[in-house]
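The values are calculated or read from the model by the stated rules, or taken from the named source; none is laboratory data. All values reported here derive from a predicted model rather than from experimental measurement. Cβ placement follows ideal geometry from the backbone for every residue including glycine, while neighbour counts extend to all protein chains displayed. Just the protein is used for accessible areas: all its heavy atoms, side chains included, with ligands, DNA and RNA removed. Shrake-Rupley method; radii C 1.70, N 1.55, O 1.52, S 1.80 Å.
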Amino acid sequence: MMAQVGGGDLVERLPHALLLDILSMLDVESLCSAAPVCRALRSSVSQVLSSISTLDLSGLTPTTQILNKVLSNSYGLRSLTLNCLQLDNSSVSIFTKQHLEELVLLKGFHFISSIFGQIGQSCLNLRTLSLELVYGDEPVFVRNCNKSLEKMFKGCPHLESLSIKFHTPYNLHGRSDTFQLLLPKTLKALLLQPVTNWEATTLILMDQFGVDENLPSSIDIQPSCLMLQSLTLVLDIITDELVAAITNCLHYLTVLCLEDNPSEKLSPYNDFSNDGLQLLSSRKNLTRLSLSRSRPNVFGRITDVGILVLTEGLRGLESIRLEGFSKVTDAGYISILQSFKNLKRFEVINGYLLSDLAFHDLSFLSVSLVEVVLISCHLLTSETAESLSLCKNLELLDLGGCRSIADSGLNSISILSKLTSLDLSGADITDSGLSALGLGRSPIVTLRLRGCRRVGDRGFKKLFKKGSVITETLSKLDLGYLPGVSDETIARIVEMCREITDLCIRSCFFVTDASIRALSLIPDIEGKRRSIKRLDIYGCSRLSADSIELFSYPYFQGLRWIGFGKTKLHEKEGVRMMELLSKRQCISICSYGCEMDCKDGWFLH
């Protein structure tokens, strides 16, 4: 279009200041698309990018070449978030800038341990660092990490927050080498994943009492942990001994998150118990507490008595997460809800004995409660949803796996005027319930209805109708495993949902090529550009191999991630599909059945 009317001539006639104002309102993707049009735009885009202070590229997967163009003149950049799936250590020099204060590196599949040292050499003003890496081969990887971490800490004298996640497809426990954490004294927040209970306990105790001659020389830790305000550990096992070390040594701690998933049978004498909760109750500065044990394991030594003791001490708690507490009953949960007057987030996962009774009286929290997560709490019914509807400031409600939530629960939820995120996966709702939600006032941005098998096209016709609030706000929608959804619903979404960007329709067996065609070229609404950024069509068996043409240019121009495993696109045209999409820069492709964006399984493929 621009080439037909004179290309850059039209742009060059615009006042430079006006052009900069227009470009400053665009996102990075649009800026990169505009830059090649003409010399004037390329120069102006470069100037706009150089003035950006915060840049989030987590939704893209840039190559080294693209990243170099985006960051070449980013002199004002202070905060950078990168999806590093297509980057390796050769690109580190591009994004490690001396003026950076915050650096978040996600999905570092190709990075090696020397990246820590490279960051330390270049990012002298770094205050926040977060990395996701793949755990390398033993034993060289661990030893190289120790050396590289030491270089980084020496080169980053202002580091205050550190998050390191090592992802691995195999069990790390029992490894021969251990990590040396020469933590800087400036550190206030630390996240380590994974770390053994022994390593974590040693880290804290050595900080307090100095080096123990009985400890292996591979551990070399600098006194610094005592200033930590936030500690997150993903462990092999949580024990009372570890909690004792934390409560005795980390006096400034306000945030504590501990998670484990024991791989061996637990000893009743070496586990987290009520005694550990009593120790935690002494840390009165805590505002956020998370204690999690993944299925099939549970905290078998914790009862209501421990929870009651905890609530007596931690009166200032604002956020609590409990997962795997198999012996805690309504009495324990009621003590939490009635003791913490400033509670903003309440989260229970696998609450085996949690029932509606715990939510009978929420008058104390009707103003403060903002987020409620109750996952796989099978005793809960619509009565809980009705009780929660009294919390007028509720913004997030997750009832995923609560199978007894029915239509009456949706009637109550629909009156929440600040609710932006709702998860009803597996609920026993029908088309009538969706109708109530469509008539409601909730400005929902994220909606998950996965596995709600009693809803279908008729319900979504009532949910997405002209004038409903949800059609103006909905951006992320999960309709996975809904046998009642067909092309009619997809067409409805395309027509009515103005902000839709993420759509999951995995294993929707009646979705055909017509839906892909409708999604591939979503029409603009009132001049607003719309496009699907993430699409999950895994297991959609009625899609034909012919629909592959709809993934070539100019279709799906905004697409950033697609999951297409167990479809004819994968079975018959898999190689061609991969070649076709690989030519389109910044698209992540998955045929393994991962959840959207491969957030948990990216390191396996």
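List of remarks:
- Residue among H360, H378 that alone is open to solvent by 50 Å² or more (accessible area, probe 1.4 Å), farther than 25 Å from E499 by Cα and modelled with pLDDT of 95 or more: H378
- Answer from L422, L416, L437 - the residue that is among the aliphatic types (A, V, I, L, M) and in a loop (DSSP other than H, G, I, E, B): L416
- Selection status of R529, under 27 Å from the mean Cα position of the chain (by Cα), within 25 Å of L60 (Cβ to Cβ) and open to solvent by 50 Å² or more (accessible area, probe 1.4 Å): yes
- Subset tally (residues that are within 18 Å of E160 (Cα to Cα), at pLDDT below 95 and among the aliphatic types (A, V, I, L, M)) for segment 101-123: 0
- Residues of segment 450-489 classified as touching a strand residue (DSSP E or B) at 6+ places or on another chain (Cβ under 8 Å) and either hydrophobic (A, V, I, L, M, F, W, C) or in a loop (DSSP other than H, G, I, E, B) (or both), total: 13
- Considering residues of segment 455-506 that are among the hydroxyl-bearing types (S, T, Y) and more than 25 Å from the chain's Cα centre (by Cα) only, the residue surrounded by the fewest Cβ atoms within 10 Å (Cβ to Cβ): S468
- Pairs, first over 18 Å from S290 (Cα atoms) in segment 188-201, second aromatic (F, W, Y), C-beta under 7 Å, six or more apart: E199/F179
- The numbered conditions (1) more than 24 Å from the chain's Cα centre (by Cα); (2) surrounded by fewer than 19 Cβ atoms within 10 Å (Cβ to Cβ); (3) part of a loop (DSSP other than H, G, I, E, B) are all true for I429 except (2).
- Entirely in segment 54-162, the strands (runs of 3 or more DSSP E) that have 1 or more residues that are within 25 Å of S43 (Cβ to Cβ) and of a type outside the set (F, W, Y): 54-57, 79-83
- Residue in segment 263-270 that is modelled with pLDDT of 85 or more, among the aromatic types (F, W, Y) and surrounded by fewer than 18 Cβ atoms within 10 Å (Cβ to Cβ) present: no
- Residues within segment 291-314 that are open to solvent by 10 Å² or more (accessible area, probe 1.4 Å) and under 19 Å from A358 (Cβ atoms), tallied: 7
- Any pair with Cβ under 6 angstrom, 6 or more apart, that starts in segment 495-519 at a residue that is more than 16 Å from Q557 (Cβ to Cβ) and ends at one that is open to solvent by less than 20 Å² (accessible area, probe 1.4 Å) and among the acidic types (D, E): C504/D478; C504/D536; R506/D536
- Contacts under 7 angstrom Cβ, first residue in segment 156-175 being modelled with pLDDT under 90, partner part of a loop (DSSP other than H, G, I, E, B) and among the small types (G, A, S), 6 or more apart: N171/S263; H173/S263
- Segment 86-100: number of residues that are surrounded by fewer than 17 Cβ atoms within 10 Å (Cβ to Cβ) and either aliphatic (A, V, I, L, M) or over 18 Å from K69 (Cβ atoms) (or both): 3
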